[in-house]
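Structure first, commentary second.
The values are calculated or read from the model by the stated rules, or taken from the named source; none is laboratory data. For clarity, every value in this text was computed on a predicted model and none was experimentally measured. FYI the Cβ positions are ideal-geometry reconstructions off the backbone, even for glycines, and counts take in every protein chain you see. Each accessible area value is taken on the protein alone, full model and side chains, heavy atoms only, with ligands, DNA and RNA left out. Shrake-Rupley method; radii C 1.70, N 1.55, O 1.52, S 1.80 Å.
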Amino acid sequence: MLRGNHDAAALGDDVRGLNTQATVLAAWTRRQLRKRHHTFLRSLPLSVREGDRLFVHASAAVPERWTYVTGPRQAALSMEAAEAAVVYCGHVHDQQLYFMSRAGRATAFRPQPGTPVPIGSQHRWLAIVGSAGQPRDRNAAAAYALADLARNRITFFRVGYDFEAAAQKIRRAGLPERLARRLERGI
């Protein structure tokens, strides 16, 4: 488990780039947290290295800045900083796979759900695994990925969940309507 930007904001950390609704949500979340929740979230690392793999919420270049990986340039910077064969990250909520060629150029690849993608050692890789909530591709289904380490491949998935019930809970809590609509519309 890793600490993400919304976790940090809920803890009261200065997180730049949050929109008004996210700031309202962070303040609401902070009021819901008990001391043990605060302690747990504060204990989460910004990144975890396991052998030649790095797990990080945002870009590995400077994890505490919460930089988005939105294209090949940011992916290349993250992969270079990570010094890992594979970087797994989230933050942008939109599934994507990048690989670094031998020439040092990052290239984007849009994975198809349920189709394993070989991630061989001839390239370095950056996988944006998606988001369990608030996807950004107009598909309300939750997004995740599974890495098969024995076979050196990654498979991206989408799975439905009761986003309508989640949206109703947002409304009942008195949070901004835009947050509920975002779940319903996948934007």
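The angle between the Cα long axis of helix 20-32 and the main principal axis of the chain comes to about 70°, on a 0 to 90 degree scale. Rounded to the nearest 10 degrees, the inclination of helix 72-82 to the longest alpha-carbon principal axis of the chain is 80 degrees.
Only Cα pairs within less than 10 Å get springs; with that Gaussian network setup on the chain, which residue of Arg36, Arg138, Arg153 has the largest fluctuation? Among Arg36, Arg138, Arg153, the largest mean-square fluctuation in the Gaussian network model of the chain belongs to Arg36. For region 112-184, the pair-distance distribution built from all alpha carbon pairs, in bins 5 Å wide starting at 0, is 3, 16, 21, 17, 13, 10, 8, 6, 4, 1, 0 percent. Here the label points at Glu83 and Gln112, each 7 Å from Cα along the C-beta direction, are separated by 3.9 nm in the simple model.
Only loop residues by DSSP count here, and only those with at most 12 other Cβ atoms within 10 Å; note down the GluC sites (Glu not before Pro) in region 57-89 that meet that.
Here the GluC sites (Glu not before Pro) that fit, given the DSSP loop and packing criteria, are Glu83.
Quick check: residue separation of Leu149 and Arg172 times 0.36 nm, minus the Cα distance between them. What number comes out in nm?
Values: separation 23, 0.36 × 23 = 8.28 nm, distance 4.21 nm.
So the chain would gain 4.1 nm between Leu149 and Arg172.
Accessible area per residue for the chain, computed on protein heavy atoms with a 1.4 Å probe, is 56 Å².
Round to a whole number: what % of the accessible area of region 101-187 belongs to carbon and sulfur, probe 1.4 Å? Present the calculation step by step, with values, prior to reporting the outcome.
Values: 2550 of 5090 Å².
About 50 percent, which is the carbon plus sulfur part of the accessible surface.
Please report the orientation-averaged projected area of region 63-138, defined via the convex hull of its C-alpha atoms, in nm².
Approximately 5.3 nm², given one-decimal rounding.
Which semi-axes, in whole Å and largest first, does the equivalent ellipsoid of region 16-143 have when worked out from the alpha carbon gyration tensor as the square roots of 5 times its eigenvalues?
Working: eigenvalues 157, 61, 38 Å².
Working from the Cα gyration tensor, I get semi-axes of 28, 17, 14 Å.
Along region 104-109 the Karplus relation, 6.51 cos²θ - 1.76 cosθ + 1.60 evaluated at θ = phi - 60°, assigns HN-Hα couplings of x, 10, 8, 10, 8, 9 Hz to successive residues, with x for each Gly and Pro. Taking amide hydrogens as placed 1.01 Å from N in the peptide plane, the amide H of Leu54 sits under 5 Å from those of Val86, Val87, Tyr88, each at least 5 positions away in sequence or on another chain. Taking every DSSP beta bridge that has both ends in the chain, the antiparallel portion is near 75%.
Count charges around Phe156 for me, please; just the other residues with Cβ under 13 Å from its Cβ, Lys/Arg as +1, Asp/Glu as -1.
Numbers: positive: Arg110, Arg153, Arg158; negative: Asp94, Asp137, Asp148.
That sum, taken over residues with Cβ under 13 Å, equals 0.
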